[in-house]
Amino acid sequence: MAQAEEKEENHVLLVAFSSQGHINPMLRLGKRLAAKGIHVTLATTEIARHRMLKSSGAGPADLVTGIELLFYSDGLSLDYDRKTNLDVYMDSLGKHGPSNLSSLIKEHYPSPKKLLCIVTNPFVPWVSDVAAEYNIPCAMLWIQPCALYAIYYRCFNKLSAFPTLTDPDMVVELPGLPSMEEEDLPSFALPNNPFGSFPKLFSEVFQGMEKFKWVLGNSFYELEKHVIDSMCELYPIRPIGPLVPPTLLGQDQELENASVDMWKSDETCIEWLTQQPPSSVIYVSFGSIVVLPAKQMEAIATALKNVKRPFLWVVKPPEFPTPDGAGQLPSRFLEETKDQGQVVRWSPQTRVLSHPAVACFITHCGWNSLLETICSGIPLIAYPQWTDQPTNAKLIVDVFKIGVRIKKEVDGNISSEVIEKCIEEVMVGPVAEQLRKNAMALKAEGRKAVAAGGSSDENIRLFVEEISGNSS
Ligand code: UDX
């Protein structure tokens, strides 16, 4: 009984949006809190449980040790196509999520207000209202770079000038960041983005900021110091990352990994990598959401064939079929490259990136992929698509200086020659050498930040002290 009470009193509830890129950083934050003596539970929607079961055949309880997982309904059936009908999905989640989460809390915690804190992430902003209902303090884990937090905060509060329909090409100047043109800005901050002038979802986050007592960032101070400092006087963000598997941080002995896979990874690629020479393989992946148009798949395929270097390409089949061949390999590609490379549907990415055979990464610049690459110390070829990715590409090239960017043609397509040039630039010659040096230096900084007494470790310690009411 005493143990049950202690569990209830020393407990943090994490509530994550149900995508891999949101759940995994949350779980890793959970592990870091647990290492400081906190009991942790993570709640997300039923669709995540469904995907985990499909990918591994194991129950969620078997996938993550030390963190209890709970699930609630988003109001839609499990076979509903959430990706194509994003608006319907988000509306249903916003409508049914609050009451379903609230019931879950009541069911699991006899005295909810004893919870030290609820930590949520930006796609489920209404969680802060559920927390308020029970008088539980609420924190937000911002899962993109701190730079994006600063950009959206300034855009929503009209603190800086952003492109408008009448002046779409203006250059944006923001404290702590390089000058940004249209191609560098997050798609949601552009006037012509299909979700409206500033998407409803982000508006809901930024108009209710006072409901978040803390904003934690999946980043580290040394990586984004100027932009983090620029937010101190506005609404500070406290970096506590990089939230990547501990093996990438040299912490394998001390901290167990916590992650779930929504797709089953193909382990054969690790055996294949082991047969390749050191620093020879081009790794290509576009994360869990992006589906590239057929023309762009074609350009990448041609470039890989032409450079004649070993490659590992993740081609994740679209969850629902696309009419125009998007996301599919050109016919005969597999046959023509069978001695050159490997194509898998889903890779064990963090093991791939830290494999000595991998030389560089062609990426869509999702923030998790980027942090994992930084912690592996390898250079990147940025091929951003939407949301935060264009800004992440700008950071890679101009701030972190660990990669190059594939520039699009005026018609929005890419040419295979440009990709080939980028590959050669990061693989051989003085630019490649400098990029590798910079990447290794950032890797060391990332490790230092999460090690005992490092900047992120201190921020977690402070957070635990504050939620526990022990701060002076
Ligand atoms: C989404 C958004 O698209 C991205 O812009 C934002 O920064 C985070 O949320 P996603 O597109 O899935 O994320 O990309 P990313 O953030 O890179 O996360 C993908 C995760 O899947 C990574 O942790 C990566 O290791 C993992 N992964 C990817 C695999 O395990 N295997 C693969 O084959 C590909």
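The values are calculated or read from the model by the stated rules, or taken from the named source; none is laboratory data. Values in this document were obtained by computation on a predicted structure and should not be read as measured data. No Cβ is skipped: glycine too gets one built from the backbone with ideal geometry, and neighbour counts run over all protein chains shown.
Here are a few things to note about the model shown:
- Against the list (1) free of Cβ contacts under 8 Å to residues at least 24 places away in the same chain; (2) crowded, with 19+ Cβ neighbours inside 10 Å, the condition GLU233 fails is (2).
- When residues of the stretch 366-395 are limited to those that are assigned to a loop (DSSP other than H, G, I, E, B) and among the polar types (S, T, N, Q), the one surrounded by the fewest Cβ atoms within 10 Å (Cβ to Cβ): GLN385
- Single residue of the stretch 100-114 satisfying the filter (at pLDDT below 95 and in contact with a strand residue (DSSP E or B) (Cβ under 8 Å, 6 or more places away or on another chain)) that is nearest to the ligand (Cβ to nearest atom): HIS108
- Residue satisfying all of: in the stretch 144-177; among the hydrophobic types (A, V, I, L, M, F, W, C) and part of a loop (DSSP other than H, G, I, E, B); surrounded by the most Cβ atoms within 10 Å (Cβ to Cβ) among these: LEU177
- Residues in the stretch 288-344 that are acidic (Asp, Glu) and more than 16 Å from the ligand (Cβ to nearest atom) were compared, and the one that is farthest from SER415 (Cα to Cα) is ASP339.
- Checking the stated criteria, LEU141 turns out to be in a strand (DSSP E or B), within 15 Å of the ligand (Cβ to nearest atom) and either surrounded by 14 or more Cβ atoms within 10 Å (Cβ to Cβ) or without any contact (Cβ under 8 Å) to a residue 12 or more places away in the chain (or both).
- Residues of the stretch 367-392 that are of a type outside the set (Val, Ile, Thr), within 7 Å of the ligand (Cβ to nearest atom) and touching a Phe, Trp or Tyr at 6+ places or on another chain (Cβ under 8 Å): SER369, ASP388, ASN392.
- Pair list, Cβ < 8 Å and 6+ apart or interchain, from the stretch 378-401 residues that are farther than 20 Å from ILE414 by Cα and of a type in the set (Asp, Glu) to residues that are more than 11 Å from the ligand (Cβ to nearest atom) and assigned to a loop (DSSP other than H, G, I, E, B): ASP398/PRO178
- Test: residue in the stretch 244-266 that is loosely packed, with under 15 Cβ neighbours inside 10 Å and modelled with pLDDT of 95 or more: no
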